[in-house]
Every structure is written in C-alpha cells, then in structure tokens.
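Asker: Pasting a structure here, questions to come.
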Amino acid sequence: MTTLAEELLWEPTDKQALFLAANQDEVLYGGAAGGGKSECLLIDALGIDQSALSWNRYTGIIFREHFSDLADLIERSNEIYPHFGGIYSETKHVWRFPSGARILFGYMSKKKTSNAITAKSTTGLVGMN
Ligand SMILES: Nc1ncnc2c1ncn2[C@@H]1O[C@H](COP(=O)(O)OP(=O)(O)OP(=O)(O)O)[C@@H](O)[C@H]1O
Ligand SMILES: [Mg+2]
C-alpha cells in the first residue's frame, strides 16, 4: 500500500504529525496563520491510520461557522480527495469514496445545530477550524 507521502507528495510538519497521531477524542491545534491547521484537518478526516475510508459507514464532518468559510477547504479537498477515489457532490457538499464512506462539509452558527448534526450522522471525525 502506498503511503500518503508517496500518493500525494505530502509530508506532515512536526506539529501536523503530532496532531494526526493523537488518539484522544478532542485535540486542539492552534498557531499562526498559514501554520497548516486546515490542511491537517482535511488529512485527518481521511482517517488513514484507522483505514476509515474502507468502512462504508464512515462519515467525517468538517465544520466551520458559516458555509462561506468553507471555500478554501473545499478547494483544497479537490486536490487531495480524488487521490483516494473521492467524488464530490457540489450540491450536497459531500465527498463519497468507493466504499461508500463519506466526508461532509457543514457549518453551524448555533450550538443547537451542532448537537443535532453530531447526534444524527457522525461516525468519525468532527472538525472545527
Ligand atoms: N504538510 C504540508 N505540506 C505542504 N503544504 C502544506 C502542508 N501543510 C500546509 N500546507 C500548505 O500551506 C498553506 C497554509 O496551510 P493551511 O491553510 O492549512 O494553514 P492554516 O493554519 O489553516 O492557516 P489559517 O490560519 O490562515 O487558516 C496552504 O497552502 C497549504 O496547502
Ligand atoms: Mg485555515
């Protein structure tokens, strides 16, 4: 099996590697603008170490406060996720992978919405950025 670095020519920075290796339920990643947080979230949602994409019921969600805040993440995901067989639905804002696994983009400006979404459909990562 090819590694992420071979597939994407992508190597995590030290901080990104720490984040990706963490197995806690909640991990905070702060730092300077351009420090690689968004990129790391996109990679983490793939659940590579857990082979998450091979599980047809895997659903990862990446959140921001407003939908307009997701534009850069969606653009970058278009360069990364097709390497994993992902096909993007522009209307649903969902990546679907060959196994049936999904990664969704969502937004929530109200706590209530966040609870509803996580309770209903998440089996994998919930990321806020
Ligand atoms: N490991 C990496 N290898 C190559 N390029 C990277 C890597 N990590 C981040 N980048 C690139 O560096 C730039 C900044 O990364 P990113 O957007 O993830 O930073 P950020 O911390 O989210 O910034 P901001 O605080 O402005 O949102 C982007 O162009 C991204 O594609
Ligand atoms: Mg960012």
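Asker: What number of residues within the range 30-55 are free of Cβ contacts under 8 Å to residues at least 12 places away in the same chain and near ligand 1 (Cβ under 8 Å from one of its atoms)?
Answerer: Within the range 30-55, residues that are free of Cβ contacts under 8 Å to residues at least 12 places away in the same chain and near ligand 1 (Cβ under 8 Å from one of its atoms) number 3.
Asker: Still on this structure, I have one more. Could you give me the residue pairs with C-beta distances under 8 Å whose first residue belongs to the range 86-98 and is more than 17 Å from residue 76 (Cα to Cα), whose second residue is surrounded by fewer than 17 Cβ atoms within 10 Å (Cβ to Cβ) wherever it lies, and which are 6+ apart or on separate chains?
Answerer: Hits for this filter: 98/85.
Asker: Could I ask something else about it? For the range 69-89, give me each residue that is of a type in the set (Ser, Thr, Tyr) and within 14 Å of ligand 1 (Cβ to nearest atom).
Answerer: Once the filter is applied, which keeps residues that are of a type in the set (Ser, Thr, Tyr) and within 14 Å of ligand 1 (Cβ to nearest atom), the range 69-89 yields 77, 81.
Asker: Condition test on residue 62, is it modelled with pLDDT of 95 or more and either within 11 Å of the chain's Cα centre (by Cα) or not hydrophobic (A, V, I, L, M, F, W, C) (or both)?
Answerer: For residue 62, the condition - modelled with pLDDT of 95 or more and either within 11 Å of the chain's Cα centre (by Cα) or not hydrophobic (A, V, I, L, M, F, W, C) (or both) - is not met.
Asker: While we're on this one: Being among the aromatic types (Phe, Trp, Tyr), more than 16 Å from ligand 2 (Cβ to nearest atom) and in contact with a Gly (Cβ under 6 Å, 6 or more places away or on another chain) is the filter here; which residues of the range 36-64 pass it?
Answerer: Of everything in the range 36-64, just one residue is among the aromatic types (Phe, Trp, Tyr), more than 16 Å from ligand 2 (Cβ to nearest atom) and in contact with a Gly (Cβ under 6 Å, 6 or more places away or on another chain), namely 58.
The values are calculated or read from the model by the stated rules, or taken from the named source; none is laboratory data. None of these values were measured; they are calculated from a predicted model. Cβ sites come from the backbone with ideal geometry, for glycine too, and all protein chains shown count toward neighbours.
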